[in-house]
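Report on the structure given below.
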Amino acid sequence: MEELRYWLGFNLVRGIGPVRLRALLNYFGDVRTAWEAPEIALREVGLDRRSLRNLLQVRRQVDLEQVLRKVKAAGAQVLTWESPTYPLLLQQIPDPPPVLFVKGELTPADEWAVALVGTRKATANGREVARQLAGDLARNGVTVISGLARGIDGIAHRAALEAGGRTIAVLGCGVDQVYPPEHRRLAAEIMEHGALVSDYPLGTRPEGKNFPPRNRIISGLSLGVLIIEAGLRSGALITADFAADHGREVFAVPGNILNPAAAGCNRLLRDGAAVVTEVRDILETLHLDQLAERQVAREILPTNATEAALLAQLSCDPCHVDMLSRGAHLPVEAVSSTLVMMELKGMVRQVGPLQYVLARESGPEYEIAPTSGE
């Protein structure tokens, strides 16, 4: 908790984002030392004049204890790069936000998430498609992520809640603000069955310039991004661009070529996005069609030494069962049966006959249960 105030301090400094903060941490070793470093040392790290001026000004003028009290009073959690509960998917994108503010709760189940975004001026058809697909995703155990905006976003959140699922809203303002104001009740319900998330400090107003950057977090929290309706200049296309940069799947619903609200989706499809006409298209592409079984398996099956040995051999490159058997010094039968369980847990994926890869390139986040004698 003591170091948290310094993370909050850097979050208030304009010009010090993920790249510069990482450089400071690498140089000084920890966030408190970086915050308290003398001006000459900060210059040596390579901070530009504007960022250095802003940092020194915030250090002089801001009471970090008061900032911490404000966060607590707002009922918000603060997650940093060092937090064990920082979202795994978001952690994998280039330069993830150093600080996340959360109202509500993020859970391990939110690793299985799909973003659903689109125009604020949705047609009747777009609204119905969003309602159906978001509800179907939620009924299949997938967390629905969107931006709480008018139109497609709000419909997606509402449909997920009505289906009894989880949903996360990523805001272009502080989590103590709600925009648009007519979504206050919706935001309160989201906090009960998901979370409001933002990397903007508390009190940040919903200015237009804040919304394109927040789309990066929407993509980062998701396995894939689905665009329902979007014009050629829609902000939803920015989210699709981020998804492509992050190596996440981009989905789009095809639309009438005479409908301007469908032009962005049709262009995405032309450029290689996956076509969606029903929820199965998403579930199968992202290997989420056995999600319920994976969630149960993760809860009831402990990770053991055999799984640990196989994880050490696996990577994002396909590996044959025979090679895994030799590398882990285990019988082929034991390897094959263990891989079945690991696939149910979502730890590995079969990508060909007897060929397996890690489900996540960054590696597993599971603790290894100690065996007797360890």
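The values are calculated or read from the model by the stated rules, or taken from the named source; none is laboratory data. Fair warning: this is a prediction, and the values are worked out from it, not measured in the lab. Positions of Cβ are generated from backbone atoms using ideal geometry, with glycine treated the same way; all protein chains shown enter the neighbour counts.
Results for (1) in contact (Cβ under 8 Å) with a residue 40 or more places away in the chain; (2) farther than 19 Å from Gly147 by Cα, shown as yes or no for each residue.
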| residue | (1), (2) |
| --- | --- |
| Arg69 | no, yes |
| Thr80 | yes, yes |
| Pro84 | no, yes |
| Leu90 | yes, no |
| Ile93 | yes, no |
| Pro96 | yes, no |
| Val99 | yes, no |
| Glu105 | yes, no |
| Asp110 | yes, no |
Being assigned to a helix (DSSP H, G or I), in contact (Cβ under 8 Å) with a residue 40 or more places away in the chain, farther than 20 Å from Pro181 by Cα and among the hydrophobic types (A, V, I, L, M, F, W, C) is the filter here, so list the residues in region 131-169 that pass it. Leu133, Leu137
Scope region 194-215; condition buried (at least 20 other Cβ atoms within 10 Å of the Cβ) and part of a loop (DSSP other than H, G, I, E, B); matching residues: Asp199, Tyr200, Leu202
Selection from region 79-105 of residues that are in contact with a Phe, Trp or Tyr (Cβ under 6 Å, 6 or more places away or on another chain) and either within 16 Å of Met191 (Cβ to Cβ) or surrounded by fewer than 17 Cβ atoms within 10 Å (Cβ to Cβ) (or both): Leu79
How many residues are farther than 16 Å from Ser83 by Cβ and in a helix (DSSP H, G or I) when one looks only at region 1-21? 3
Go over the candidates Ala122, Ala115 one by one and state the one that is crowded, with 20+ Cβ neighbours inside 10 Å, in contact with a strand residue (DSSP E or B) (Cβ under 6 Å, 6 or more places away or on another chain), assigned by TED's automatic domain parsing to the domain that holds Val175 and not in a helix (DSSP H, G or I). Ala115
Picking from Leu89, Leu79, Leu68, the residue that is over 30 Å from Phe242 (Cα atoms) and touching a strand residue (DSSP E or B) at 6+ places or on another chain (Cβ under 9 Å) would be Leu68
